[in-house]
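The values are calculated or read from the model by the stated rules, or taken from the named source; none is laboratory data. Owing to the predicted nature of the structure, the values given are computational and were not obtained by experimental measurement. All Cβ positions, glycine included, derive from the backbone under ideal geometry; neighbour counts span all protein chains shown. Ligands, DNA and RNA are stripped out before the accessible areas are found, and what is left, the full protein with its side chains, is counted by its heavy atoms. Shrake-Rupley method; radii C 1.70, N 1.55, O 1.52, S 1.80 Å.
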Amino acid sequence: MKSVQFSVASRLEGAAAIIYPKGYLNNLSGESLVIECGVYIGKGITKIVVNFSETDLINSIGISMLLQIMEDLRNINGTICCTNMSKFLSDTFEMLGLMQHMLVFPVENDALEYLKTRKS
Amino acid sequence: MSTKLEKAMYNISALADLGQAITSEDAFHEKIQSVLYVITGTFLANKGAILFYDKSTQSLNTLTQKGFAQDDLDHLNPEELISLGRNKSCLIGDAPVMAVAGAEILAPIWVGDEFIGALLLGGWLTAGPLASEDLELLNVIANQIAIALNNHSLFMDLADKLEDNRRLYEEMRHIYHGTLQAFAAAIDAKDAYTKNHSHRVAKYSVAIARELGWNEHEIEGMYVAGYLHDVGKLAISNTLLNKVTPFTPEERTEIRKHSTLSRNITTKIKFPWKNVEDIVWHHHERLDGRGYPDALAEDSLSDGVRILTLADSFDAMTSQRPYREKMDVQSAIGELRKNLESQFDNKIMLVFCKVLAKEINGELPEPDILPHLDRNSDLSVISDLLEGIISELSAR
Ligand SMILES: [Fe+2]
Ligand SMILES: [Fe+2]
């Protein structure tokens, strides 16, 4: 099975970092996602939005990466929002019980609106 | 689908991920790191470590870890780990031996009589207690790591290494199949009358595919499809599956959902075999287009589908069902023959007859079909029947 090489893009919007993973989150290249978030956390950002619109699939390795980000944010009392998730992704997170540990929004803007109105 | 079933599927795919990580072309360190990610992702653990025991220095080396303080890992005493015994994952609980900050589960890794290392996990994100299935899965994983580590420690010359990788792949396949079998057993257990049905259908299908000249990879896909073709039945009520009286039209519609359900389940697993999804999805289609779910016909049906429909029907006829007795082997073959072209494919039937005839004549060292047939069958009658069909179909 050939899949697109995984890559990550990101941007800062106010006090929140928005991360755009792209491709199948299934191998070590997913570490770039953890690193990208780490860079923002290192700069004092505590609100991270992960926009999954370009990532439909995830496997156990990807889940592990996501756990790492959730843990890093938890350690600084930060917030993780996940948006634009495919059904496969949300079903998987639901089944694994991850939904309680993240905020889920249909689209990126909803998450940004929410974070704006919320004091951190 | 029940959460339990979904979790089981997730675990199966995790095993596939693990196999991929271990057999990848990556350098050893990357490999072992992927392995750790698979494990922490499977068990939702935020802490994990894979330790390797160096015999010459009698010390434990951390191959990879996340979440632990390295200092804590360095203070582990290998003697104490060895004394825990082999091949059993354990909850550390309050065992003082393992008072490593935050480790909650330890799986010692052994190869034969040799202590190779240990896997540590901890820091669960979700509070739920680990089920016994989880510990079992962890054992399977620990065995996998054992082989990978063992290969690493030996570092033999290239030829040996290739040989070893082949063995490793075999072993992985073995465990993968073990998990599939556990799954098939769950399906068959639900429906008392179809005990071992999945297993037999898988065997029959493989026999046909091999005789057709498929390569090993394709045959393996056929095998997996055979095992999982009825997996969708897990989502259908027991009462309905085990009903003795004929089905009402509504009940029939309900039962017929199972092939689509099987497909929905198998698509969630990233199988290395391309044909599995198609085969399970369409195993109740017919050449004349009167099958379900899509009433596909002729050209739309792949050879894989044609093999499975024949194997499935043959086993269904030769095993007992709640609403009828089983058929003897020659009558079942007669039924297949009667439905050639409308339901079953001539070419596949010819191959099936050929392989069964070979098995009866003792031409195949490891028969796949014969051992499952009724012991009281009259083999000479069956042989004659097969010969007749073979010459008839060969002449076409
Ligand atoms: Fe079926
Ligand atoms: Fe079946």
Inset, instruction - Ignoring ligands, DNA and RNA and using a 1.4 Å probe, state the total buried accessible area between B and A in Å², rounded to the nearest 100. - result: 2100
Legend entry - Of all accessible heavy-atom area on region B:191-394, the percent that carbon and sulfur account for (1.4 Å): 49
Inset, instruction - Check each of the trypsin sites (Lys or Arg not before Pro) in region B:252-329 and keep only those in coil by DSSP with at most 14 other C-beta atoms within 10 angstrom; list them in order. - result: B:Lys274, B:Arg290
Legend entry - region B:191-394, accessible area per residue, ligands and nucleic acids excluded (1.4 Å, Å²): 45
Legend entry - Those residues of region B:27-66 for which accessible area with every protein chain present is at least 10 Å² below the isolated value (1.4 Å probe): B:Glu30, B:Gln33, B:Ser34, B:Tyr37, B:Val38, B:Gly41, B:Leu44, B:Asn46, B:Lys66
Legend entry - Principal semi-axes in Å for region B:221-365 [√(5λ), Cα gyration tensor, largest first]: 24, 20, 16
Legend entry - Along chain A, longest interval not containing exposed trypsin sites (Lys or Arg not before Pro), exposed being DSSP loop plus at most 11 other Cβ atoms within 10 Å: A:44-117
Inset, instruction - For region A:30-69, state which residues have at least 10 Å² less accessible area in the presence of all protein chains than in their chain by itself, taking the probe as 1.4 Å and leaving out ligands, DNA and RNA. - result: A:Glu31, A:Leu57, A:Asn59, A:Ser60, A:Ile61, A:Ile63, A:Ser64, A:Met65, A:Leu67, A:Gln68
Legend entry - Carbon + sulfur, % of accessible area of chain A - ligands and nucleic acids excluded, 1.4 Å: 51
